[in-house]
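Undergrad: Following this message is one structure expressed as structure tokens.
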């Protein structure tokens, strides 16, 4: 384990067994356990050997979750607070890269002045010191690392950026705005959205993963976050002028994407949106998709504003929620 100075956090931790009234609904053949830290806003997930890494937007901290279930903070306190629409911003994700940890840090909170770590990809060395790889982003929400090269989602630029360790950046793809159906918009607000007009929203890329020479990206879709407006698309790893291939449509604000050990596509839906209430409680879902048949299985339902999905091994998955929950989903052995 790296020698970064750590701080053990034990206050306020709860462990909720599956079956409690507030638990999400799990698919048959799976077991669910939930770890909760009230007041936290858990975001990015990754694995460092046998340790789970998680970021907390409410405190700006990076945590290790040890085998005994305790959260151990490491590294600096990153800038954190609320963004212009009232959502938490801070360290979106931390990933071990060689002997360092690399953090995707969100844009500047509305009540703070801009600092050197804002809207940046930041490396934390073994000595605990930080090094800004690049702050030439607007809102780097997620990233993947392949052979020392970073593929960064800039949600505010609607782009995928390829970044070298020396800070050189190349824009691989800028996503076009997504057209919205007029009928759906009229149902949302008949006075605001008139018949016969075309309406478009920002694509808002969120999750990213590279597989088989392609970059797979979840497109969240911008306000008013219509049901079924989200997509998963893919482009060649080399980028270029090729238009994205639509792999999955009809999603509700997809926020993360990955592949399980069987090659199945896992998509995490942030949820359904209501103009008065925001993202509805219990409307988030974890889906498994069969690309060959387009069949969809709901592995975990009833989530509230989930953010990240991590495949731990062939049986276990982890999902984070902004409510300070970590959901551990385990596939039961075959009888």
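Every number here is computed from the coordinates shown, using simple stated rules; none is lab data. Fair warning: this is a prediction, and the values are worked out from it, not measured in the lab. Cβ coordinates were reconstructed from backbone atoms using ideal geometry, including for glycine residues, and neighbour counts include every protein chain displayed.
Undergrad: Reported to two decimal places, what Rg/Rh ratio describes region 6-331 when computed on Cα atoms with Rh from the Kirkwood expression?
TA: Checking Rg against Rh, the ratio lands at 0.95.
Undergrad: Which ordering of 107, 138 is given by a fewest-first count of other beta-carbon atoms within 10 Å?
TA: Listed from fewest to most nearby Cβ atoms, that is 138, 107.
Undergrad: Neighbour counts of other C-beta atoms within 10 Å: give me 258, 149 arranged from fewest to most.
TA: Least crowded to most crowded, the residues run 149, 258.
Undergrad: Over region 12-144, what relative contact order in percent results from Cα pairs under 8 Å that are six or more residues apart?
TA: 15 percent
Undergrad: Quote the relative contact order of region 6-331 in percent (integer), defining contacts as alpha-carbon pairs under 8 Å separated by 6+ residues.
TA: For region 6-331, the relative contact order is 14 percent.
Undergrad: With an 8 Å Cα cut-off and a minimum separation of 6 or more residues, compute the relative contact order for region 266-335 in percent.
TA: After rounding, I find 23 percent.
Undergrad: Of 274, 23, how do they rank once you tally other Cβ atoms within 10 Å and put the fewest first?
TA: 274, 23
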